[in-house]
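Read through the structure below, which is laid out as structure tokens, and then see the notes.
The values are calculated or read from the model by the stated rules, or taken from the named source; none is laboratory data. Bear in mind that the values here come from a model prediction, so they are computed numbers and not experimental data. Note that we place each Cβ from the backbone using ideal geometry, even for glycine, and neighbour counts take in every protein chain shown. Each accessible area value is taken on the protein alone, full model and side chains, heavy atoms only, with ligands, DNA and RNA left out. Shrake-Rupley method; radii C 1.70, N 1.55, O 1.52, S 1.80 Å.
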Amino acid sequence: MTAVTTPDAPTVGADAPAVVPRRRRTYRRLLGPALTRIGALALVLGVWAVVTAAGLVDPLYLPSPHAVWDAFVRANSRHQIAAGVDRTVIGEQNYYLWEHLLASLQRIAAGVGLAIVAGPLIGFVMGMLTPVRLVTEPILNFLRSLPPLGYIGLLIVWFGIGDMSKIWLLFLAAFPPIAVATLSGVTGVKQDYLNAARSLGAGRAQVISRVVLPATLPEVIGGIRIATAFAWTTVVAAELNNGIPGIGGLAYIAGTQLNTPLTIACIIVIGCAALVLDSVIEFVGDRAVPWKGKV
């Protein structure tokens, strides 16, 4: 009698192929990029430490990583005002570094928050109504082309040197990217989708709510990411005048006082905060629009 073998049966024994568990493959996929980034960061820090330890650059221009770390710790703790003086002060400029960061985040939240409300609304109206777009698009492009520093003098005249002028500056920096992204999303909806919805009996309101809005939302979230990053690049300009407390204002004052370690510490904090904000927006966006890139 001839033995019947099943070709799809799994091979058992020493000759069986090694099967990598799914969990291990997931760990490798996640840990690989993370280890690469950590290695690149360690390389940068190592080169920085070697250059400063060898005295190749004057500490005034490039302090050592240890000096920057000491400045960061000093800005987050109570310390003596000077050597031999029996008096302690809080952080830098009478605020801890985290308080400076929180003040800047509050200003950005207010300015970008207003842009998140106004930008999609105006961009959507421009995209849906051609006459409105023809009138307002040149104005929007004009605002987008102006650097934020071009506003600061006028805003101080209008609103003073308080937080109101800073919030308006951050709003004007964040509004154009969001409005342009929304306009691009509305005008980029495929005509086939609109015709298919109308052929199925959808009215104008249903076409807008079921087709145009879902198709535009990924572009809006992308615009919010760009606007938030742009607002962060504007925070130092926004806090040039009366910017204490504020991480941008602290970085500016430290630079004018030639306190390079503190300046670099502020720059690193600003960059890390921007990366965290961008990651949060990306995470929320991926959950809010899971259909992005799939239609």
* To do: Look at LEU250 and say whether it is touching a Leu at 6+ places or on another chain (Cβ under 9 Å) and closer than 24 Å to ILE226 by Cα.
  => no
* Right, PHE283: within 21 Å of LEU102 (Cα to Cα) and either among the aromatic types (Phe, Trp, Tyr) or surrounded by 19 or more Cβ atoms within 10 Å (Cβ to Cβ) (or both) or not? -> no
* the stretch 263-280: number of residues that are more than 16 Å from the chain's Cα centre (by Cα) and either open to solvent by 80 Å² or more (accessible area, probe 1.4 Å) or farther than 24 Å from ILE161 by Cα (or both) -> 2
* Tell me, yes or no, whether the stretch 37-58 has at least one residue that is open to solvent by 60 Å² or more (accessible area, probe 1.4 Å) and in contact (Cβ under 8 Å) with a residue 24 or more places away in the chain. => no
* To do: Examine the stretch 158-172 for a residue that is modelled with pLDDT of 90 or more and over 28 Å from the mean Cα position of the chain (by Cα), and state whether such a residue exists.
  => yes
* To do: Scan the stretch 214-224 and give yes if some residue there is open to solvent by less than 10 Å² (accessible area, probe 1.4 Å) and either touching a residue at least 60 places away in the same chain (Cβ under 8 Å) or closer than 23 Å to SER64 by Cα (or both), otherwise no.
  => yes
* Structure fact -> Exception for ALA229 within (1) over 19 Å from ASN94 (Cβ atoms); (2) in contact with an Asp or Glu (Cβ under 9 Å, 6 or more places away or on another chain); (3) surrounded by 23 or more Cβ atoms within 10 Å (Cβ to Cβ) falls at (3)
* **Residues satisfying the stated conditions in the stretch 213-262, i.e. hydroxyl-bearing (Ser, Thr, Tyr), closer than 29 Å to VAL180 by Cβ and more than 16 Å from the chain's Cα centre (by Cα)** => THR216
* Structure fact -> Quick count over the stretch 233-245, residues being buried (at least 20 other Cβ atoms within 10 Å of the Cβ) and either over 19 Å from GLY153 (Cα atoms) or touching a strand residue (DSSP E or B) at 6+ places or on another chain (Cβ under 8 Å) (or both), is 1
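Every residue, every condition in (1) open to solvent by less than 60 Å² (accessible area, probe 1.4 Å); (2) among the acidic types (Asp, Glu), yes or no:
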position: SER104; (1), (2): yes, no
position: ALA115; (1), (2): yes, no
position: PRO120; (1), (2): yes, no
position: VAL125; (1), (2): yes, no
position: GLU137; (1), (2): no, yes
position: LEU149; (1), (2): no, no
position: LEU155; (1), (2): yes, no
position: GLY160; (1), (2): yes, no
position: MET164; (1), (2): no, no
* Based on what the data block shows, is GLU92 surrounded by 10 or more Cβ atoms within 10 Å (Cβ to Cβ), among the acidic types (Asp, Glu), out of contact with any His (no Cβ under 9 Å at 6 or more places or on another chain) and modelled with pLDDT of 85 or more? -> no
* Asked: Just wondering, is there one or more residues in the stretch 136-149 that are part of a helix (DSSP H, G or I), in contact with a Gly (Cβ under 8 Å, 6 or more places away or on another chain) and either touching a residue at least 12 places away in the same chain (Cβ under 8 Å) or farther than 30 Å from THR260 by Cβ (or both)?
  -> no
* Asked: Of ILE81, ILE108, which residue is surrounded by 15 or more Cβ atoms within 10 Å (Cβ to Cβ) and of a type in the set (A, V, I, L, M, F, W, C)?
  -> ILE108
* Structure fact -> Inside the stretch 246-262, the number of residues satisfying the requirement of being open to solvent by 30 Å² or more (accessible area, probe 1.4 Å), touching a helix residue (DSSP H, G or I) at 6+ places or on another chain (Cβ under 8 Å) and free of Cβ contacts under 8 Å to residues at least 60 places away in the same chain is 2
